[in-house]
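Just so you know, all these numbers are worked out from the coordinates, no wet-lab data involved. Bear in mind the structure is a predicted one, so any value in this text is a computation, not a measurement. Here Cβ is always computed from backbone atoms with ideal geometry, including for glycine, and neighbour counts include all displayed protein chains.
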Amino acid sequence: MKPLISPSLLSANFLDLKTDIQMINASEADWLHLDIMDGVFVPNISFGFPVIKAVAKECKKPLDVHLMIVHPENYISQVAATGAMMMNVHYEACVHLHRTIQQIHDAGMKAGVTLNPSTPVCLLEDIICDVDMVLLMSVNPGFGGQKFIEEILAKTRRLRRMIDESGSKALIQIDGGVNAETAPLLVEAGADVLVSGSYIFKAADPIATIHDLKQL
Ligand code: DX5
Ligand code: ZN
């Protein structure tokens, strides 16, 4: 099955976001991935709601919002108000994950849960049937352009098995170091959605790069 592609805006040209969003609109990208960082959960700060709202006005693709922040449950209504399709929270940031997932659904969005590289998939056993997507970080969150962590391939296979055995409909999304080399391995391991930032936005022809990633 062809993967869904969700380009990460983190590697776009922040001086001219409109041009990059129009490129995404014209491409075969399925979603647009937005990385929100608070400088507490991760050692970096990216952008917040004023930027998401502006992007949402121009972008024709569903927004896939990845919150790398503490207390993401405090921002559910604000994320919903941007019109986002998916709200993705980190397992490590949620004390009451089940409640947070319910609240995201009640706000009318799809709910995703993200695991840092060191967090094992077995911790999701009791929530896997309630989530729409699991995002496996294949780099430590906070920065674009990092090297793919190879162990994530085996982790993707373990998650694929858990999802298939449980009857969950959750998609598997991978984020970090996705490029022409790692993408086919990830699809073979069972990934459904590939996030890619620097590989797409630094390419000479981002539209062709997105097209090629979709051919896997
Ligand atoms: C990192 C972010 C990623 C980042 C990926 O914390 O979650 O979405 O943009 O960038 P690349 O594809 O360059 O590794
Ligand atoms: Zn991300």
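At a glance:
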read-out: The chain - charge dipole about Cα centre, Lys and Arg +1 at Cβ, Asp and Glu -1, debye rounded to 20; value: 240
read-out: ³J(HN,Hα), Karplus 6.51/-1.76/1.60, whole Hz, each residue of segment 2-10, x for Gly, Pro; value: 5, x, 7, 10, 10, x, 8, 5, 4
read-out: Note, ³J(HN,Hα) from phi for segment 137-154, Karplus 6.51, -1.76, 1.60, rounded to Hz, x at Gly and Pro; value: 6, 9, 9, 6, x, x, 8, x, x, 8, 7, 4, 8, 4, 4, 5, 5, 5
read-out: Reciprocal mean inverse distance between Cα atoms of the chain - Kirkwood radius, Å; value: 17.0
read-out: Under-13-angstrom lysine pairs by C-alpha in the chain, whenever the two are 8 or more apart or on separate chains; value: 5
read-out: Label-point gap, in nm, between Thr19 and Val95 - each point 7 angstrom along Cα→Cβ; value: 4.7
read-out: Most fluctuating residue given options Cys122, Cys59, Cys94, as computed from a GNM of the chain linking Cα atoms under 10 Å; value: Cys122
read-out: Contour minus Cα-Cα distance for Gln78 and Arg161 (0.36 nm per residue); value: 26.4 nm
read-out: Extended-chain gain in nm, criterion 0.36 nm per residue less alpha-carbon gap, Ala180 and Val40; value: 47.2 nm
read-out: Label-to-label distance, nm, for residues given as Val70 and Asn140 (7 Å Cα→Cβ offset); value: 1.8
read-out: Cα centroid separation, segment 39-71 to segment 92-111 (Å); value: 17
read-out: Two-site FRET efficiency, Asp130 against Ala154, from Cβ-Cβ distance with R₀ of 22 Å, rounded to 0.05; value: 0.35
read-out: Karplus-derived 3J(HN,Hα), 6.51/-1.76/1.60, for each residue of segment 42-57, Hz, glycine and proline x; value: 10, x, 6, 10, 10, 8, x, 4, x, 6, 4, 4, 5, 5, 4, 5
